[in-house]
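Everything on this sheet refers to the single structure shown next.
The values are calculated or read from the model by the stated rules, or taken from the named source; none is laboratory data. Given the structure is predicted, the values throughout are model-derived calculations rather than measurements. Note that we place each Cβ from the backbone using ideal geometry, even for glycine, and neighbour counts take in every protein chain shown.
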């Protein structure tokens, strides 16, 4: 219980730091506070002054933090001027769509990556091992943005790109882990006794590799969530990624800060959960 409380407190502190640092970068970035409305030549000097005052933030950094922090504590996430909607409403609409994409990508990526790893280790075929390794190498060397563009050109669902990002990492880690487990003395002894390959794998190799496979699960979730940002923006998917792209173009401070906190929270929670699962599944810790 103590470890959970410490982890929760650590997560909250990191999320707040990430959010306020993001706010600082946006707040003092060149062009902050400038809107497209100011480009209208028909506006008078008084109108321009009124527009700039409506978008002006406190010049003092501490005052800015205090003002913004008090709003968040009251549950006020701000208003998105560029999209004309409250930030809370935008997040509630877009976040579930992103999590669906992340879930699909993680499940498909793990299914393909783990299947290829089992084939590569279990079949003991040089051709199969070379083919699966080549596919994983090509996938890991291709940027997510390029995969998203290819997916858009082929009119395929963008969620497949997230799976393509997860698959090679899962394959490489699982293959190396299974090969290491297969070379352990008790596994070699089981093979020498003439046990079937499936029995050796299920009873002697997989139980040894399972805790470390669980540990990497959190890494793939955070990886998929990070990949979803450019994928959704390039594939025009109605999720957090598309929202972040539009907010960045408009320098929408309220929305960017909340998105930064969401990305940080998902990453920390995924990694911490995977670490706890890995410890729980390790023999002797149950």
Practice problem: Could you give me the residue pairs with C-beta distances under 9 Å whose first residue belongs to the range 87-115 and is more than 25 Å from residue 254 (Cβ to Cβ), whose second residue is exposed (fewer than 15 other Cβ atoms within 10 Å of the Cβ) wherever it lies, and which are 6+ apart or on separate chains? | Solution: 104/157
Self-check item: Which numbered condition residue 177 misses (of (1) in a helix (DSSP H, G or I); (2) out of contact with any helix residue (DSSP H, G or I) (no Cβ under 9 Å at 6 or more places or on another chain); (3) more than 29 Å from residue 98 (Cβ to Cβ))
Solution: (2)
Quiz item: In this structure, does residue 175 turn out to be free of Cβ contacts under 8 Å to residues at least 12 places away in the same chain and over 19 Å from residue 273 (Cα atoms)?
Solution: no
Practice problem: Filter the range 231-251 down to the residues that are in contact with a helix residue (DSSP H, G or I) (Cβ under 8 Å, 6 or more places away or on another chain) and surrounded by fewer than 19 Cβ atoms within 10 Å (Cβ to Cβ), then identify the one that is modelled with the lowest pLDDT. | Solution: 248
Quiz prompt | Checklist (1) at pLDDT 70 or above; (2) in a helix (DSSP H, G or I); (3) surrounded by 14 or more Cβ atoms within 10 Å (Cβ to Cβ) applied to residue 76, failing item | solution = (2)
